[in-house]
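Read-outs: derived from the displayed coordinates by stated rules, not from any lab. Keep in mind it's a predicted model, so treat the numbers as computed, not measured. Here the Cβ positions follow ideal geometry from the backbone for every residue, glycine too, while neighbour counts run over all protein chains shown.
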Amino acid sequence: MRCSVSILATFAAVGCLALPAPVQPRADSDGHDHAHETAPWDEGATTDFRIHESCNSTEVTQLRKGLADAITLADHAKQHILRYGNSSEHYRKYFGDAPSAEAIGNYERVISGDKGNALFRCDNPDGNCDQPEWGGHWRGENATNETVICELSYSTRRPLEQLCAMGFTVAGNEANTYFGSDLLHRLYHMPVFGENHVEHFAEGYAGALELAETNSSYATHDSDVLQYFALDVYAYDIAVPVVGCAGTATEEAESMMETPTSSAITTPTAAESPASSVTEPPTPVTAGAANGVTSAPQ
Ligand SMILES: *[C@@H]1O[C@H](CO)[C@@H](O)[C@H](O)[C@H]1NC(C)=O
Ligand SMILES: *[C@@H]1O[C@H](CO)[C@@H](O)[C@H](O)[C@H]1NC(C)=O
Ligand SMILES: *[C@@H]1O[C@H](CO)[C@@H](O)[C@H](O)[C@H]1NC(C)=O
Ligand SMILES: *[C@@H]1O[C@H](CO)[C@@H](O)[C@H](O)[C@H]1NC(C)=O
Ligand SMILES: *[C@@H]1O[C@H](CO)[C@@H](O)[C@H](O)[C@H]1NC(C)=O
């Protein structure tokens, strides 16, 4: 006979071989029967992001701040959509005529979803951090619930407080300039947050805007679009009210022609992961390629 933990207490006096005493339904003042409630429904919930012991003290502090920034971005994006829906110009710019529930849900899962199946680590188990300009990577088939954050991230990724400073524009610079948006992207690679549904469908900022106009049902689960929208509305509503730092797709084209050193923002464009990575397609992405490359291994 197998005793479940939840009814063990009932048997304690007689042991598991005896039949349990009949459970007396007991109605509380709220009228509910609580007789079987020996554990809370969400027992074992993990509410904080898990950080591996390989991270040193300052890395833990920076990661916790970056992850808090990711949640701040996601939460404001959600609040903006809940307040304005598709009457928001920002909403229509990034999500077109798509219904809002999917974007709201993709932000909400990062904000409130259980964090137990996601682990951030700071060692270099797959050796990818040895490659120049790698800021981190999802471990893919090696450990689908794990993300490595390489040393480069701790010296380059910016705090959300600097959004719009130093010439940054959402259109003209990399979304991974900020630790919060960079980590939002990395969270979506992990199946528990992205559900293998948030993927890369658009190429670059201009591609993201085109997706909103031509194929909006993909915009609400495009990893880059979710980052751009979150940065743009946080910039416009919070960081620099009623001004923001959207930039234009033309700036994106210009900044791509500049060398990294001549640009105001020098975040390496390849920091996400170069061509050899299985975690991040480096070339213009089609849906098929994105699915093939970023789906979690079984
Ligand atoms: C905006 O949402 C409403 C429903 O709330 C819908 O009827 C309308 O078609 C949407 N407009 C656009 C431009 O997406
Ligand atoms: C998984 O591990 C192998 C062997 O260590 C390595 O070659 C490969 O790049 C790793 N995959 C990822 C996504 O890091
Ligand atoms: C933690 O590790 C980083 C490398 O990512 C290093 O630069 C930093 O000095 C370390 N922190 C401490 C307090 O030693
Ligand atoms: C990884 O997370 C998934 C849920 O996304 C879970 O089903 C699975 O057990 C986890 N795997 C490991 C090795 O922790
Ligand atoms: C929308 O985007 C998806 C993914 O890139 C693609 O498979 C599909 O063909 C696109 N549909 C249209 C109408 O462009």
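With neighbour counts taken as other beta-carbon atoms within 10 Å, the residues MET190, MET166 rank, fewest first, as MET166, MET190. Can you put PHE229, PHE168, PHE49, PHE120 in order, fewest other beta carbons within 10 Å first? Listed from fewest to most nearby Cβ atoms, that is PHE49, PHE168, PHE120, PHE229. In summary, the convex hull built on the alpha carbon positions of the range 174-236 has an orientation-averaged projected area of 4.1 nm².
Sorted ascending by nearby beta carbons within 10 Å, beginning with the fewest, GLU199, GLU43 become GLU43, GLU199.
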